[in-house]
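Written out below as structure tokens is the structure these notes cover.
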């Protein structure tokens, strides 16, 4: 998550944008921490108790859903390229430095998935990052071209999933349809539709129960971090390539003019926000049926998300150029993004799961914003004081030490005493 920049200065823009992304991703993940996963895609699945919850979903869908994950992937590609370039410049093997980091990231991701939280993205990033290395020497134009092609592939994958759901729903409604097709439709409806009756009771019992049953449930799906690569990896790789292109062009180094960043932001928002608002209206009008959820939440958003991600990056760079105390804290959150991401999972699962405080399924969507803002405050409060004293966040230090197979110095050296006045 965090680019190592020695020798040479850190790129402040990368740290700041990454800090916003690591905090912003919680605003959507909070639903998957606190409610049955079906509610992550389909708001009527759980937690829709009134108008405030509906508008909370609209806000998340239009401005958060997928954008922070995309921004995270965008930054990952840029940071990855930076590490490769600096390894090469210092005489190290760029392939060795990169793949050691990705292998250990995969280990962290699998531990995170199986033993902490099923919504892990680290394992997927590690596997996609191993592929992204092959594109490191391409020009920005070529990287963007490949990225656009991968976005199209992702759109097709999700469109086929949506079409399959519509077909199964249609066939299941015809008397005499083969029982296997009906079972497939019922399984899909259970995975993406509203949970009711015994299915809901079982889900709540699982997540409000002990640690062992939850872990066994995740271990039973041992293949999920790998099979998810085909379903979601195309878009992730696209964003990594876009991030590499953005670093090469100077966009993520803060080298563009204010006017140019503003144009990117205005165009991106003008394209994406109305499109997302229209999709939200169409979903509401439809009543959030499973085929429409898959078609509009997953597939139809794919072409518009890159514009929004790029716009957000431009806005963040423009708004934080003047620096200041809050910007310094956001940058510190970005420097410790790996620790903040894993730490958030540990805090949230302890808060919501049965082996912790056990708030799972007890809060509405709008109430979850209280938890999100509180966690943002924690991230901003701890990150800077820690990094004022130490070189890395705790998990950044562990990742770096494992990748280099030696214990890296952790504590910052004490400042040299000022020369005595004469």
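Quick check on the range 222-247: of everything there that is in contact with a helix residue (DSSP H, G or I) (Cβ under 9 Å, 6 or more places away or on another chain) and more than 27 Å from residue 138 (Cβ to Cβ), which residue is surrounded by the fewest Cβ atoms within 10 Å (Cβ to Cβ)?
222
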For residues in the range 271-302 being touching a helix residue (DSSP H, G or I) at 6+ places or on another chain (Cβ under 6 Å) and outside any helix (DSSP H, G or I), which is farthest from residue 236 (Cα to Cα)?
288
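Return the only residue of 346, 315, 330, 370 being in a helix (DSSP H, G or I), in contact (Cβ under 8 Å) with a residue 12 or more places away in the chain and closer than 22 Å to residue 117 by Cα. First the steps, then the outcome.
Values: 315 fails: closer than 22 Å to residue 117 by Cα; 330 fails: closer than 22 Å to residue 117 by Cα; 370 fails: in contact (Cβ under 8 Å) with a residue 12 or more places away in the chain.
Just one listed residue meets the conditions, 346.
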Residue check, residue 47 against (1) surrounded by 19 or more Cβ atoms within 10 Å (Cβ to Cβ); (2) in a helix (DSSP H, G or I); (3) touching a residue at least 40 places away in the same chain (Cβ under 8 Å), all met but one. Which one?
(2)
Members of the range 255-296 that are in contact (Cβ under 8 Å) with a residue 60 or more places away in the chain, farther than 30 Å from residue 169 by Cβ and within 23 Å of the chain's Cα centre (by Cα):
273
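In the range 109-216, which helices (runs of 4 or more DSSP H) lie fully inside it and hold 2 or more residues that are closer than 25 Å to residue 288 by Cβ and touching a helix residue (DSSP H, G or I) at 6+ places or on another chain (Cβ under 9 Å)? Lay out the reasoning, then the answer.
Values: elements: 122-132, 140-172, 179-192, 197-207.
Once the helices (runs of 4 or more DSSP H) in the range 109-216 are filtered for at least 2 residues that are closer than 25 Å to residue 288 by Cβ and touching a helix residue (DSSP H, G or I) at 6+ places or on another chain (Cβ under 9 Å), what remains is 140-172, 179-192, 197-207.
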Output the number of the condition that residue 392 fails; it satisfies all remaining conditions of (1) in contact (Cβ under 8 Å) with a residue 60 or more places away in the chain; (2) farther than 30 Å from residue 210 by Cβ; (3) not in a loop (DSSP other than H, G, I, E, B).
(3)
Of all residues making up the range 349-367, the number that are part of a helix (DSSP H, G or I) and in contact with a helix residue (DSSP H, G or I) (Cβ under 8 Å, 6 or more places away or on another chain)
5
Taking the range 175-204 and keeping only residues that are over 28 Å from residue 300 (Cα atoms) and surrounded by fewer than 15 Cβ atoms within 10 Å (Cβ to Cβ), one is left with 175, 176, 177, 178, 179, 180, 197, 198, 199, 201, 202
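No lab work stands behind these numbers, since they all come straight from the coordinates. Bear in mind that the values here come from a model prediction, so they are computed numbers and not experimental data. Positions of Cβ are generated from backbone atoms using ideal geometry, with glycine treated the same way; all protein chains shown enter the neighbour counts.
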